[in-house]
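J.: Pasting a structure below so you can have a look.
The values are calculated or read from the model by the stated rules, or taken from the named source; none is laboratory data. In this text, all values refer to a predicted model and were calculated from it rather than measured experimentally. Heads up, the Cβs are rebuilt from the backbone with ideal geometry, glycines too, and the neighbour counts pull from every protein chain shown. Heads up: the accessible areas ignore ligands, DNA and RNA and are worked out on the full protein's heavy atoms, side chains in. Shrake-Rupley method; radii C 1.70, N 1.55, O 1.52, S 1.80 Å.
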Amino acid sequence: MRHALILAAMAFVGCIETDEPALSYFRRPEPLAAMPNITPASTETAARVDAVGRQLLAANPQIGSKPLFHTVGAPHPEVFHRGTTDVFVTEGLVKQCAGDGQLAAVLCLELGKMIREREAAVPNAVRTRDALPPMDDRLGLDDRMGGATDHANWKEEVDYDIQRKAQHKRLRLPEPTLLARDYLAKAGFPPDDLNAVQPLLQEAAAKMLIEKQITAPAGNMGTGPY
């Protein structure tokens, strides 16, 4: 009996270790302190990003995550996220934002991308629930093999089959831009600020210097200028 319990415990531990990679997306990775050559931003800029980020999260609890907002002391524009736990923006991009509204727009779009990735990582079976089949309400002279005498149950069975098949199709993922506009509006910022920052975001999309360093697998990080 004792040996059986030990074997069962070992099998249980093995299952946990097997499932860990699937959960890694939702766990906080290594802290920035472990990243080499990362220069912190000025206290003023970092405090500004943190304040705007907190305001956005407080106004949008439906996001379901509370990532930390990090400001990296680099002069070029760059913004990206890591899992659901961290959002990074460079001091150069923050300084190019004309007011907190544009900064909020930059952060909201990144939050929208983060949520889309999170939803894409969740299996479709978890996001949907199969509908219950129609009740069998045959009584009296109803045919016990073929259904009700008026065959009304046939339509119910067809409708159920259509609904069941539709639920097993891949659900449409949320659009980051639409999410960002909603986040901005709920936080009291003009959604049009998202249009104003498009040139900055296009320039930032061409820069991946810090993103490659921070999101690179352990032991494979480059030694960039920052």
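J.: Right, Gly64: more than 19 Å from Asp193 (Cβ to Cβ), open to solvent by 50 Å² or more (accessible area, probe 1.4 Å) and not aromatic (Phe, Trp, Tyr) or not?
T.: yes
J.: Take the conditions small (Gly, Ala, Ser), modelled with pLDDT under 95 and surrounded by 14 or more Cβ atoms within 10 Å (Cβ to Cβ) and apply them to Ala22. Does it pass?
T.: No; evaluated as a whole, the condition is false for this residue.
J.: Would it be correct to say that Glu117 is open to solvent by 30 Å² or more (accessible area, probe 1.4 Å), under 30 Å from Thr45 (Cβ atoms), part of a helix (DSSP H, G or I) and modelled with pLDDT under 95?
T.: Yes, satisfied.
J.: How many residues are within 13 Å of Glu110 (Cα to Cα), open to solvent by 10 Å² or more (accessible area, probe 1.4 Å) and not aromatic (Phe, Trp, Tyr) when one looks only at the stretch 67-84?
T.: Here the count works out to 7.
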